[in-house]
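The values are calculated or read from the model by the stated rules, or taken from the named source; none is laboratory data. The structure displayed is predicted, hence computed values, not measured ones. Here Cβ is always computed from backbone atoms with ideal geometry, including for glycine, and neighbour counts include all displayed protein chains. What goes into the accessible areas is simple: the full protein's heavy atoms, side chains included, and nothing from ligands, DNA or RNA. Shrake-Rupley method; radii C 1.70, N 1.55, O 1.52, S 1.80 Å.
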Amino acid sequence: MVMTRGRLRREVDLERVERAIEIAERQSSAEVRVSLSTFFWGSVEGAANRAFDRLRMRDTAQRNGVLIFVVPSRRTFVVLGDEGIHAKVGDDFWHAVAGAISGFFKKRDFTGGLVHGIETLGAALAEHFPFDPNADRNELPDAVDLGEE
């Protein structure tokens, strides 16, 4: 079944995901974004990298942006972290985050998977990039991206 933007909005509780992002970012100076894509042919990894660039994930001061790129119609996703966070957490961390999300996605619980993944990210990001109320600011929007209109 083709996943339209309207159906994406029905499949994922955007407000709940955005609240999870806000909470995670209150614990850390890192930035978390979620991008949901409609169905497309081609490489999910390639599309995730293009979304990472389009959403300006590399524009954070500490290079600690993280993107969860999801293609619900294909039941697949990619978690990408900028070089600042990747240098601190390594590949095993990204596999653990993916594992935290994938069980939910297998049951088509996209909202639950995203919220759980964001909570997992938030805890690790707080450890490596603690929130500083005197210096931190929200560098990227918290709104879930629904791709280019």
Practice problem: Take segment 54-69 and flag every residue that is polar (S, T, N, Q) and either crowded, with 24+ Cβ neighbours inside 10 Å or outside any loop (DSSP other than H, G, I, E, B) (or both). | Solution: 64
Exercise. Within segment 108-131, count every residue that is part of a loop (DSSP other than H, G, I, E, B) and either among the acidic types (Asp, Glu) or at pLDDT 90 or above (or both).
Key: 2
Quiz item: For the subset of segment 4-32 comprising residues that are more than 13 Å from the chain's Cα centre (by Cα) and either aliphatic (A, V, I, L, M) or not in a helix (DSSP H, G or I) (or both), which member is surrounded by the most Cβ atoms within 10 Å (Cβ to Cβ)?
Solution: 28
Exercise. Starting from segment 84-113, keep only residues that are at positive phi, then list their pairs with residues that are modelled with pLDDT under 90 and open to solvent by 20 Å² or more (accessible area, probe 1.4 Å) whose Cβ atoms are within a distance under 9 Å, requiring at least 6 positions of separation or different chains.
Key: 108/11; 108/75
Quiz item: If you take the residues in segment 70-94 that are open to solvent by 10 Å² or more (accessible area, probe 1.4 Å), in a strand (DSSP E or B) and in contact with a strand residue (DSSP E or B) (Cβ under 7 Å, 6 or more places away or on another chain), which one is nearest to residue 126 (Cα to Cα)?
Solution: 81
Quiz prompt | segment 129-148 residues that are closer than 17 Å to residue 20 by Cα, paired with ones that are among the basic types (Lys, Arg) and assigned to a loop (DSSP other than H, G, I, E, B) (beta carbon under 8 Å, 6 or more apart) | solution = 140/56
Quiz item: If we scan segment 33-53, do we find a residue that is open to solvent by 80 Å² or more (accessible area, probe 1.4 Å), under 15 Å from residue 145 (Cα atoms), touching a residue at least 24 places away in the same chain (Cβ under 8 Å) and not in a loop (DSSP other than H, G, I, E, B)?
Solution: no
